[in-house]
Each structure stands twice: as C-alpha cells, then as structure tokens.
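Here is the structure we will look at, set down as structure tokens.
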Amino acid sequence: MERNYTWHDIVKRMEERRCPICRLIDDRTHQKISVLQYQHVSDVEFRKRFIDSKGFCEHHTEKFYEQGDSINHAIVYGHLLDVELRRLEDGSYSKKDKHTKPCMLCESENTSEAIYLNIFQKAFNEADFKTHYEDRGILCMHHHKIMLKRMKKAKNPDLKSYSSITGHKYQELLQDLKEIKRKNDFKHVNEKLTERETKAWQKARKLLVDQGEHRRK
Ligand SMILES: [Zn+2]
Ligand SMILES: [Zn+2]
C-alpha cells in the first residue's frame, strides 16, 4: 500500500504503553485545538458550528480549556452566552435545544478513527509494519476487538498472526498484573517488581478503558 503520512504516523506512535490509533487521534485533536486557539476562534464557520452544538462535549471542553487562554474563551463563550440569552428572551430555546448538533471534535475523531483503522488493517499485511507492531506496538482492547472483526470480515490472511501477537501481549500484561499482586503479599515482600511490571499497572488503564468513550454515547 501507499505509505502516506498516516502510515508513518501510526508506526511512529507504536509503543508498549499505548494504542497507536488512540494516540494519533489524541495528537490530531490536540493540533486541531491549537489551530482553533490561535487562528480560528473568530472564523465564521467555526463559530456557527460552535453555537449549533452548544460548545464542545464535556471531554473536549476540558481539552480546549487545558490548551486555552482567557481571550479565546471570552470570544467563544461570550458569543454562545449572547445567543443563549437571546433565545431565552424570545422563547425559542426549547425548540433549538432539540436540534443541538454533536461536538465537532468528537465527529472529526470518529472520522479519523475509521481512516486509521483502515490503514492499520491494510498495512498489517506488510512485513515491516508487522515487525514494528510485534516489537513494540499494542492496540487497546477496544481497537483490538474491532480489528479482529474487520480482519475476519475481510478474510485478511494475517488475521491469525495479528490475533496471536496481540493475544500474547495481553497475556503478558495479565501475568505482570498477577505478579504485582503476588509480590505485594508480605511473604514475598523482598521480591522487587521488574521494570515491565512497574509499567504494567500504569499502562493497563490506557489499554483496557476505551479512550474514545466520550464520543460513543
Ligand atoms: Zn486504541
Ligand atoms: Zn467532543
């Protein structure tokens, strides 16, 4: 397949602790928010959409806040509050509320996610992509289940190796978590955690909890 930016972006984000697809989605949203902060909060299209969706969802409101400053918040929320107060005044608020659109950042994350899953699935048939994944990548449980289904449906010849590589990584993680519990017992208190076990409890939450839950409601 053609090795476009996204292909390289996925490979670059392969690491033991986090799913490359989740990371890429997060990174792209971070970039989008930066662009909004510095260029487009006054953009007419953006502002219209911001009003239609009554701001971002709770998750992205916090992300926007973390990256934001007083002037950008004053611009976007000043506009939203102005519209809300006018709607309250003329009684049109209940009708408009029914038509609130979904958060624009959630929507673009959903679109990106579909593209990244597609590229991952096709790229996995290439030996070097597979080697990168085997060496240091792991898909989160949510994306792993989707990938299994997609590969099965597409009769992907690499389904078996994908499933066995990822399954093995999750077995290792489980083993590490069990070891942490065992070594926590006073009988084994002299046994130190290995480097992998030290990371295991930290990475478990990123891999087992769906990082895109905010946009799947
Ligand atoms: Zn993921
Ligand atoms: Zn959102």
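Quick rundown of the values:
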quantity	calculated
Breaking point among (1) in contact with a helix residue (DSSP H, G or I) (Cβ under 7 Å, 6 or more places away or on another chain); (2) of a type in the set (Val, Ile, Thr); (3) within 15 Å of ligand 2 (Cβ to nearest atom), for ILE51	(3)
Residue list for the stretch 100-117, restricted to those being open to solvent by 60 Å² or more (accessible area, probe 1.4 Å) and under 22 Å from HIS30 (Cβ atoms)	PRO102, GLU107, ASN110, THR111, ILE115
Complete set of residues in the stretch 37-58 that are open to solvent by less than 50 Å² (accessible area, probe 1.4 Å) and of a type in the set (Ser, Thr, Tyr)	SER53
Checklist (1) outside any helix (DSSP H, G or I); (2) within 16 Å of ligand 1 (Cβ to nearest atom); (3) surrounded by fewer than 17 Cβ atoms within 10 Å (Cβ to Cβ) applied to ARG18, failing item	(3)
Selection status of LEU139, open to solvent by less than 70 Å² (accessible area, probe 1.4 Å), modelled with pLDDT of 95 or more and within 16 Å of ligand 2 (Cβ to nearest atom)	no
Residue ID - most open to solvent (accessible area, probe 1.4 Å), chosen from residues in the stretch 23-36 that are in contact (Cβ under 8 Å) with a residue 40 or more places away in the chain and within 15 Å of ligand 2 (Cβ to nearest atom)	LYS32
Any pair with Cβ under 6 angstrom, 6 or more apart, that starts in the stretch 129-146 at a residue that is more than 10 Å from THR166 (Cβ to Cβ) and ends at one that is open to solvent by 20 Å² or more (accessible area, probe 1.4 Å) and away from ligand 2 (no atom under 16 Å from the Cβ)	ARG136/GLU15; ARG136/GLU16
Subset tally (residues that are of a type in the set (Asp, Glu), within 16 Å of ligand 1 (Cβ to nearest atom), in a helix (DSSP H, G or I) and open to solvent by less than 100 Å² (accessible area, probe 1.4 Å)) for the stretch 169-217	0
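The values are calculated or read from the model by the stated rules, or taken from the named source; none is laboratory data. On a predicted model such as this, the values are computed, not experimentally measured, just so you know. We place every Cβ from the backbone using ideal geometry, glycine too, and count neighbours over all the protein chains shown. Keep in mind that these areas ignore ligands, DNA and RNA; they rest on the heavy atoms of the full protein, side chains included. Shrake-Rupley method; radii C 1.70, N 1.55, O 1.52, S 1.80 Å.
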